[in-house]
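The structure under discussion appears below in the form of structure tokens.
The values are calculated or read from the model by the stated rules, or taken from the named source; none is laboratory data. Owing to the predicted nature of the structure, the values given are computational and were not obtained by experimental measurement. Cβ placement follows ideal geometry from the backbone for every residue including glycine, while neighbour counts extend to all protein chains displayed.
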Amino acid sequence: MTIPGSVRLAAIVYEAGFHIDDFLSGVAHALRADGVKLDGALQENAPGDDGRCAAMTLVDLTSQGRFLISQDLGSQAEGCRLDARGIAEIGARLDRTLDRGVELVILNRFGKAEAEGGGFRSAFVRAIDAGIPALTAVRAPYTEAWSQFHEHMATDLPADMDAVLAWCRESVLRLRTMRQSELSATD
């Protein structure tokens, strides 16, 4: 895949233990307050009890639909609890055509599924093809796969709200300016 230089793509590079889901929710909230039309999916984690892991849900930023993406494997489980069915269900919804008015796509992670060629990888490609800026989060051990995916064309952002919002706002402004120029050219 070759990414055009005009496409805006960024990942928040974060360390294990950082509450990236809450951080991305804060980003989405601030951008919505600015009037930015978002698409994508963010993760919410319900508190776990009795030593069990939290239930993981993906929230569709367009419909606000919720999709359970975890399985309860019990308190003794040590394996992966990600439920591929939930990922596939929201992935199918995200594979829809992006609304022309969307100004930014936020996808909760570029992680194991995306590194292996699945997950939300097609949603990233669709945003790139539509010329819509996309924001995600990535941490080791997936940074190399992320770099190979975007062919060194994306921006790495620190887990800093001001830096992330500045990148998002500048990307949306560029998109709005480009769309306005296209409209003016057709008038």
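Remarks
- On the stretch given as segment 57-82, residues that are in contact with a Leu (Cβ under 8 Å, 6 or more places away or on another chain), assigned to a loop (DSSP other than H, G, I, E, B) and modelled with pLDDT under 80 total 4.
- Residue that is nearest to G131 (Cα to Cα), among those in segment 97-118 that are touching a residue at least 60 places away in the same chain (Cβ under 8 Å) and not hydrophobic (A, V, I, L, M, F, W, C): E103
- Test: residue in segment 163-174 that is surrounded by 17 or more Cβ atoms within 10 Å (Cβ to Cβ), over 17 Å from L61 (Cα atoms) and in contact with a helix residue (DSSP H, G or I) (Cβ under 8 Å, 6 or more places away or on another chain): yes
- Filtered residues of segment 11-56 (kept if assigned to a strand (DSSP E or B) and modelled with pLDDT under 85): N45, M56
- Matching residues, segment 93-147, being among the aliphatic types (A, V, I, L, M), under 13 Å from the mean Cα position of the chain (by Cα) and closer than 20 Å to V27 by Cα: L94, L104, V105, I106, L107, A123, A127, I132, A134, L135, A137, V138
- Spans of helices (runs of 4 or more DSSP H) in segment 87-187 with at least 2 residues of a type in the set (S, T, Y) and more than 25 Å from A33 (Cα to Cα): 143-150, 161-186
- First in segment 131-151 and within 8 Å of A115 (Cβ to Cβ) and touching a residue at least 12 places away in the same chain (Cβ under 8 Å), second anywhere and surrounded by fewer than 21 Cβ atoms within 10 Å (Cβ to Cβ) and of a type in the set (A, V, I, L, M, F, W, C), Cβ under 6 Å, 6 or more apart: Y142/A115; A145/A115
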